[in-house]
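What follows is one structure encoded as structure tokens, with my remarks underneath.
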Amino acid sequence: MARRWGMVIDLDRCTGCEACVAACHAENNIATVGDAEAARGRAIHWIRVERYWEGEYPNVRVMFRPIPCQQCDAAPCEPVCPTYASYHNADGLNAQVYNRCIGTRYCANACPYTVRYFNWFNPVWDKPLNLQLNPDVSVREAAVMEKCTFCIQRIKAAEIKSEMEKREIKDGEFSPACVQSCPAGAMVFGDLDNPDSIVSRLSLSVRGTQLLSEVGTYPKVTYLERESSRGDE
Amino acid sequence: MATNSIAQTNAVRLNDDRISQDLLRPVFHTSRRFYAIALLLAVPVAAALAAFLYQVYSGIGVAGITRPVFWGFYITNFVFWIGISHAGTLISAILRLTNAGWRRPVTRCAEAITVFALVIGASFPVIHLGRPWLFFWLIPYPSERGIWPNFRSPLLWDFFAISTYITGSLTFLLLPIIPDWAMVRDKASGWRKRIYTVLALGWRGTPREWHRLEMAMRIMAVAIIPVAVSVHTIVSWDFAMAPVPMWHSTVFGPYFVAGAIFSGIAALIIAMAFLRKFLHLEEYLKPIHFDNLGKLLLLMSLLWIYFIFAERLTVWYGNETSEMSAFWSIQRGKFAILFWIMVFCNFLIPFPILAIKKLRTITGTVIASITVVIGMWLERFLIIVPPLEHKYLPYAWGNYRPTWVEITITVGTFFAMALLYLLFVKFVPIISMWELKAGQHVQPLSHEPDPALSQANADLNNSLPVTDSEA
Amino acid sequence: MNAIYGLFSDPDSAGQALKVLRAASSRGHINVDGIVVISSEPLEDEDLGLPKQRTPMPWLAALGGLIGGSIGYALATFTQRTYPLPTGGMPIVALWPTGIVMYELTMLGAILATLATFLVTARLPNYRKRLYDPEISDGKILIGVADPDRNYCAELKRQLHQEGAEKVKEFSNG
């Protein structure tokens, strides 16, 4: 059964703690690139938390926005890949096939959210960190593009389990690492095509917005704007 | 006008033997200076090759490209060299089709530039790949992976367009060389005779062979023009198809083609000036040729400023937030100095030089051409990098700084072009001998010599330095 | 194959000699198909009195283009349908990109067809020893007769000399 996996992120609840970022690193075998490379802007964070300041002192407010891959329904990164390394799979995800990637980096230019990250060198884990790699996720080599997959390994695992047990996947049965680790419960994940799921109900919220919707990408991540900001002029 | 230009070309009617002698000299005699220059040119090329191999070995990270500027010098060079390759098409094909007599000494120089610029330009998509050893996955073949390339990707269109253009340009270049290679074969001895006998394909010069050759050239001239236009349009669509602020512009197709022809003519003028000096071709590449090409360069410079103005005005007037951040970074921000150098080099300097007849000399056009080449390279750079530095989300803005790897490879390709050209001049007469001689004998066989033509010739041979009465 | 030919230094005298040879052929002394003209530049066929050359090259180039375009269409549609991978909300066989690929392959087909037709109809490459004289590269025009009637050879040589041939030679690749 085809699903449309989506996410809702409540900006009122997000505290900017970046637990999601750390969990993503751990779950998906994302290496740290080191000081020098990070200074050149090459750090890899499949989900990143953007921080914006509003107002002047003393009325300063800070806003955090976690940005994973938006898994756009009309993703501009997909048609431009010459080797189909980036394509739309049956579950509505923007799938990244590492083996097909030859490193043209066109997809990264085309992504308006800049959520695609490139392995400029072979990733390195200093011992003993190499022992904590997740066996469910491949380790990418140099010159391959990578990005948030909505933890497709967990999606596949849940699908396999539900098929073996001959039942439907329950809403909330599993979630990507970022959603699972959020202490404030700011992130919700589920099947947007299931009218009873929490995520599909929340995505219809009055507070719901989408990032860069004017670009025409039809992202599947809905942000719930802060209640407090909606009341202001 | 045809009479005028043919007469001017023939103002010093050269003896056929003299033509053969002058134009075959570089093929038969190799001076020590040639070897010295070849060696000098080979050093930066070798350095570039070494830098590329180092990049393949260590990883593409040794280049300066980063997130979010995923394309930098390499793609700049790619677009730049494909642009330069439009020299040959314009000169050869369009001037052949319009029967412009002054093209004869110029066509082969131009066609050679096209082929070598294409070879260099087409190597950059491979150089910039993260995994260049897998570049062949762009070729549509039934692969063991059971998958075909994605025809919806502009990079695939690039592949087809450039392949077609290289095939067309090579054909366009090599077909008219066959009779000249036959001439070299006849005059050569020893190992040279063996090589050129093979290369000349057994050409004799029967009416059948000439007819087929001229028919093929006519078809090629018609076919190569739409190919050239499509090639650079498709290259421009690598950018225009992506939703990047200041890339996603409908004007990119014609804008790039105009820029390509612009830089192509400039490269041609520079090449011709070098040939004239080093091969002593003063009798063949005359001031009138540089004058005519200079006028074309002027036209393209005006066209370029028109496109730049149209593009920037629409962006500024539209005032779209993301586009304006890229716009201002070019206009007033850190790229401002490059922007103004570009405007100077592409318009403010060439325009007076090329517009004022007195300044449109060989030296003048060469100076203008050099500035145009610099300006066009900067233009490609400013199209690619600043918009990538300023995409939609300010948190993801970044900086690009090229490393020695990219600089070495970039510099190396300019020397590679010179080296390839040098080797070409060694093996092929750089001016098409049969076309030049045929152009001098414009009268048909059994008719009386055209009295107007002879009068014009007599007038010109008697008069002072040639002036173009239509200027 | 034997041949007798003369080398002429300008197109006018060559044209004259050709006229004489054609007159001789109409009187049956030589075979009109044996008359050979070789030059280092293209000469105007009508003025030489040679039959106007015809070639199907433009038609074949158009045919090549058609074939190329069909291959482009087949390639784009067939390959994309065998392994349909949706991208960016576009259809599997998107018309515009398919059109671009078709266009490029059309032009490639036309170019390759022209090249192939040229080589075949000009009968190149041909490395066999054929009637030729290196002096042609010095601008001489060769007018000759292949396999002339043995009784007519002396007369032929006289006629070539009379029309202004700089040299009259014999050729044999036997």
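The values are calculated or read from the model by the stated rules, or taken from the named source; none is laboratory data. Treat the numbers as computed from the prediction; the structure is a model and nothing was measured. Cβ: placed from backbone, ideal geometry, glycine included. Neighbour counts: every protein chain shown.
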Query raised in the report: Checking C:Gly89 against (1) modelled with pLDDT under 85; (2) buried (at least 22 other Cβ atoms within 10 Å of the Cβ); (3) within 30 Å of B:Phe151 (Cβ to Cβ), which test does it fail?
Result: (2)
Requested in this report: Those residues that are in contact with an Asp or Glu (Cβ under 7 Å, 6 or more places away or on another chain) and among the charged types (D, E, K, R), I need them from the stretch B:412-442; list them, please.
Outcome: B:Lys437
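Give the stretch A:102-117 a look and list any residue that's within 7 Å of chain B (Cβ to nearest Cβ) and under 15 Å from the mean Cα position of the chain (by Cα), or say none.
In the first step, residues of the stretch A:102-117 are kept if they are within 7 Å of chain B (Cβ to nearest Cβ); the result is A:102-106, A:108-110, A:112-114, A:117.
Passing the criteria: A:Ala108, A:Pro112, A:Tyr113, A:Thr114, A:Tyr117.
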Query - Any pair with Cβ under 6 angstrom, 6 or more apart, that starts in the stretch C:114-137 at a residue that is at the interface with chain B (Cβ under 7 Å from one of its Cβ atoms) and touching a residue at least 24 places away in the same chain (Cβ under 8 Å) and ends at one that is surrounded by fewer than 21 Cβ atoms within 10 Å (Cβ to Cβ) and not in a loop (DSSP other than H, G, I, E, B) - result: C:Ser137/B:Asp186
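Let's see how each residue does on (1) under 21 Å from the mean Cα position of the chain (by Cα); (2) among the acidic types (Asp, Glu):
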site: B:Leu285; (1), (2): yes, no
site: B:Leu299; (1), (2): yes, no
site: B:Phe309; (1), (2): no, no
site: B:Arg312; (1), (2): no, no
site: B:Tyr317; (1), (2): no, no
site: B:Glu323; (1), (2): no, yes
site: B:Ala326; (1), (2): no, no
site: B:Gln331; (1), (2): no, no
site: B:Gly364; (1), (2): yes, no
Query raised in the report: Is the stretch B:72-81 home to any residue that is over 30 Å from B:Tyr392 (Cα atoms) and of a type in the set (S, T, N, Q)?
Result: no
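Condition check ((1) among the hydrophobic types (A, V, I, L, M, F, W, C); (2) within 14 Å of chain C (Cβ to nearest Cβ); (3) within 17 Å of A:Met145 (Cβ to Cβ); (4) without any contact (Cβ under 8 Å) to a residue 24 or more places away in the chain) across all residues:
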{"residue": "A:Ile9", "(1), (2), (3), (4)": "yes, no, no, no"}
{"residue": "A:Glu18", "(1), (2), (3), (4)": "no, no, no, no"}
{"residue": "A:Cys24", "(1), (2), (3), (4)": "yes, no, yes, no"}
{"residue": "A:Ala38", "(1), (2), (3), (4)": "yes, no, no, yes"}
{"residue": "A:His45", "(1), (2), (3), (4)": "no, no, yes, no"}
{"residue": "A:Pro58", "(1), (2), (3), (4)": "no, no, no, yes"}
{"residue": "A:Arg65", "(1), (2), (3), (4)": "no, no, no, no"}
{"residue": "A:Gln70", "(1), (2), (3), (4)": "no, yes, yes, no"}
Query raised in the report: Does A:Asn99 satisfy being out of contact with any Ser or Thr (no Cβ under 6 Å at 6 or more places or on another chain), polar (S, T, N, Q), within 11 Å of chain B (Cβ to nearest Cβ) and not in a strand (DSSP E or B)?
Result: yes
Requested in this report: Could you please let me know if A:Gly55 is modelled with pLDDT under 95, under 15 Å from the mean Cα position of the chain (by Cα) and not acidic (Asp, Glu)?
Outcome: no
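Which is within 14 Å of chain A (Cβ to nearest Cβ), surrounded by 21 or more Cβ atoms within 10 Å (Cβ to Cβ) and either over 21 Å from the mean Cα position of the chain (by Cα) or touching a residue at least 12 places away in the same chain (Cβ under 8 Å) (or both), of B:Phe70, B:Phe80? Lay out the reasoning, then the answer.
Numbers: B:Phe80 fails: within 14 Å of chain A (Cβ to nearest Cβ).
That would be B:Phe70, the only listed residue that is within 14 Å of chain A (Cβ to nearest Cβ), surrounded by 21 or more Cβ atoms within 10 Å (Cβ to Cβ) and either over 21 Å from the mean Cα position of the chain (by Cα) or touching a residue at least 12 places away in the same chain (Cβ under 8 Å) (or both).
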Report summary line: Listed by first then second residue, the pairs whose first member lies in the stretch C:65-86 and is farther than 16 Å from A:Tyr84 by Cα and more than 10 Å from chain B (Cβ to nearest Cβ), whose partner is of a type in the set (Ser, Thr, Tyr) and surrounded by fewer than 21 Cβ atoms within 10 Å (Cβ to Cβ), with beta carbons under 9 Å and at least 6 positions apart or on separate chains, are C:Tyr73/C:Thr98
Report task. Please give the number of the condition B:Phe52 fails out of (1) within 30 Å of A:Gly34 (Cα to Cα); (2) surrounded by 20 or more Cβ atoms within 10 Å (Cβ to Cβ). Result -> (2)
Query raised in the report: Among the residues of the stretch A:116-175, which ones are touching a residue at least 60 places away in the same chain (Cβ under 8 Å) and among the aromatic types (Phe, Trp, Tyr)?
Result: A:Tyr117, A:Phe118, A:Trp120, A:Phe121, A:Trp125, A:Phe150
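Considering only the stretch C:94-105, I want to know if a residue exists there that is of a type outside the set (Val, Ile, Thr) and touching a strand residue (DSSP E or B) at 6+ places or on another chain (Cβ under 6 Å).
Our first condition is that a residue be of a type outside the set (Val, Ile, Thr); within the stretch C:94-105, this holds for C:94-97, C:99, C:102-105.
Next cut, touching a strand residue (DSSP E or B) at 6+ places or on another chain (Cβ under 6 Å) only: none.
The answer is no, given that none of the residues of the stretch C:94-105 is of a type outside the set (Val, Ile, Thr) and touching a strand residue (DSSP E or B) at 6+ places or on another chain (Cβ under 6 Å).
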Requested in this report: Could you tell me which of the residues B:Leu354, B:Leu388, B:Leu378 is within 14 Å of chain A (Cβ to nearest Cβ) and either among the polar types (S, T, N, Q) or surrounded by 19 or more Cβ atoms within 10 Å (Cβ to Cβ) (or both)?
Outcome: B:Leu388
Report task. Might you let me know whether the stretch A:37-52 holds any residue that is within 30 Å of A:Asn194 (Cβ to Cβ), surrounded by fewer than 17 Cβ atoms within 10 Å (Cβ to Cβ) and charged (D, E, K, R)? Result -> yes
Query raised in the report: Among all residue pairs at least 6 apart or on different chains, which show Cβ distances below 6 Å where the first residue, located in the stretch B:339-353, is assigned to a helix (DSSP H, G or I) and the second is of a type in the set (D, E, K, R) and buried (at least 20 other Cβ atoms within 10 Å of the Cβ)?
Result: B:Met342/B:Glu379
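Only one of A:Tyr218, A:Tyr223 is hydroxyl-bearing (Ser, Thr, Tyr), within 14 Å of chain B (Cβ to nearest Cβ) and more than 14 Å from the chain's Cα centre (by Cα); which?
Exactly one residue qualifies, and that residue is A:Tyr218.
Given B:Arg212, B:Arg204, which one is charged (D, E, K, R), within 10 Å of another protein chain (Cβ to nearest Cβ) and part of a helix (DSSP H, G or I)?
Working: B:Arg204 fails: part of a helix (DSSP H, G or I).
It is B:Arg212.
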Query raised in the report: Going through the stretch A:73-96 one residue at a time, which ones are part of a loop (DSSP other than H, G, I, E, B), within 22 Å of A:Ala143 (Cα to Cα), more than 7 Å from every other protein chain (Cβ to nearest Cβ) and among the aliphatic types (A, V, I, L, M)?
Result: A:Ala85
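Looking for whichever is closer than 30 Å to B:Arg276 by Cβ, in contact with a helix residue (DSSP H, G or I) (Cβ under 9 Å, 6 or more places away or on another chain) and either β-branched (Val, Ile, Thr) or in a loop (DSSP other than H, G, I, E, B) (or both) here; the options are B:Val115, B:Val126. Which one fits?
None of the others qualify; the one that does is B:Val115.
Looking only at the stretch C:138-156, filter to residues that are part of a helix (DSSP H, G or I) and hydrophobic (A, V, I, L, M, F, W, C); which one of those is nearest to the other protein chains (Cβ to nearest Cβ)? Working first, answer last.
Initially, the stretch C:138-156 is screened for residues part of a helix (DSSP H, G or I), giving C:138, C:150-156.
Retained after the next criterion (residues that are hydrophobic (A, V, I, L, M, F, W, C)): C:153-154, C:156.
Details: C:Cys153: 22, C:Ala154: 26, C:Leu156: 20 Å.
Filtering the stretch C:138-156 for residues that are part of a helix (DSSP H, G or I) and hydrophobic (A, V, I, L, M, F, W, C), the one nearest to the other protein chains (Cβ to nearest Cβ) comes out as C:Leu156.
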Report task. Could you check B:Glu209 against (1) over 24 Å from B:Asn99 (Cβ atoms); (2) free of Cβ contacts under 8 Å to residues at least 12 places away in the same chain and say which number it fails? Result -> (1)
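Take B:Arg108 and decide whether it is of a type in the set (D, E, K, R) and touching a residue at least 60 places away in the same chain (Cβ under 8 Å). Walk me through it before giving the result.
Numbers: of a type in the set (D, E, K, R): yes; touching a residue at least 60 places away in the same chain (Cβ under 8 Å): yes.
Here the answer is yes, as B:Arg108 does meet what is asked.
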